[in-house]
1. Roughly how many Å² of GLU15 are accessible to a 1.4 Å probe, to the nearest 10?
2. Once the Cα atoms of the stretch 79-167 are picked out, what are the Rg and Dmax in Å?
3. Using helices alone, what [θ] at 222 nm do you get for the chain, with -39,500 (n - 2.57) per DSSP H run of 4 or more residues, divided over all residues and rounded to the nearest 500?
4. Along Cα→Cβ, 7 Å out, is where each label goes; now give me the distance between the ones at LEU206 and ASP18 in nm to one decimal.
5. Residue farthest toward the positive end of the dipole of the stretch 2-212, with Cβ of Lys/Arg at +1 and Asp/Glu at -1: which of GLY20, SER127, THR198?
6. May I ask you to derive the FRET efficiency for VAL196 and ILE136 from their Cβ-Cβ distance with R0 = 25 Å, giving the value to the nearest 0.05?
7. Mind giving me the FRET efficiency for LYS157 and LYS72? R0 is 30 Å, r the Cβ-Cβ distance, nearest 0.05 is fine.
8. If packing is taken as the average number of other Cβ atoms within 10 Å across a peptide's residues, how do 103-111, 152-160, 184-192 rank, most packed first?
Amino acid sequence: MKFFVDTADVSAIKELNDLGMVDGVTTNPSLILKSGRDIVEVTKEICDMVSGPVSAEVVATEAKAMIAEGLKLAKIAPNIAIKVPLTWDGLTACKAFSSEGHMVNVTLCFSAAQAILAAKAGATFVSPFIGRLDDIHMDGVELIDDIRTIYDNYDYKTQILAASIRTVNHIIDCAKIGADVITAPPAVIKSMVNHVLTDKGLEQFLKDWAKTGQKI
Ligand code: G3P
């Protein structure tokens, strides 16, 4: 399973990237706002650091304008994945980009029906949002499972990029289902290391070691 980092925070990406844990990055308008940076400047910096796909999202809502924006974003670096929303215009832009050989991430996917359309339009990635479905008492993980089954039934090449990941359990569930990629905030990825028995065991080892009076 590939790990994308869902942030435009360059230092947080660097920390994980230095450990070899970053296969790609996803950004969106809200994350650009949070970074306080210029979209082109910060996206370029991320693309220079990370060799995998870096998603940069268009903000136009009509296909023609989306295509113009997407082509501008694609000029930032060769590893840009143009991110478009799962609307009819977004799918039109997706088809135009994928036909020209650009990577496309179709975002804001909340149903299996939408995911089928993204695959048909040639999306490189489809981004179903787990957490936001959970927020409205629907089952986000079940959606990932449904899309996996459908894509496998027809050998669709679009990669399932599970997004809106809020917990470590979301990541484990996605790994069990066989999502191709998860994108999660750096803090969620880092919290995968935590286990109470690791902390307890280490504390005991250190206490016992102190009693030996030895040094390494
Ligand atoms: O990249 C989009 C997605 O991951 C958003 O997550 O937590 O804002 O629902 P969230």
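The values are calculated or read from the model by the stated rules, or taken from the named source; none is laboratory data. It should be emphasised that the depicted structure is a prediction, and the values quoted were computed from it without experimental measurement. With ideal geometry, Cβ positions are generated from the backbone for all residues, glycine too; neighbour counts draw on all protein chains shown. Please note that ligands, DNA and RNA were not included when accessible areas were found on the heavy atoms of the full protein model with its side chains. Shrake-Rupley method; radii C 1.70, N 1.55, O 1.52, S 1.80 Å.
1. Approximately 90 Å² of GLU15 is accessible to the 1.4 Å probe.
2. Looking at the stretch 79-167, its Cα Rg and Dmax stand at 12.3, 39 Å.
3. Values: 11 runs with 113 residues, N = 216.
Mean residue ellipticity, 222 nm, calculated: -15500 deg cm²/dmol.
4. Taking the simple label geometry, LEU206 and ASP18 are separated by 2.1 nm.
5. Selected residue: GLY20.
6. Values: r = 31 Å, r/R0 = 1.26.
Step by step, r from the Cβ atoms, then E = 0.20.
7. On the way: r = 26 Å, r/R0 = 0.88.
Computed FRET efficiency for LYS157 and LYS72 comes out at 0.70.
8. On the way: 103-111: 23.6, 152-160: 14.6, 184-192: 17.2.
Highest-to-lowest ranking by the protection proxy: 103-111, 184-192, 152-160.
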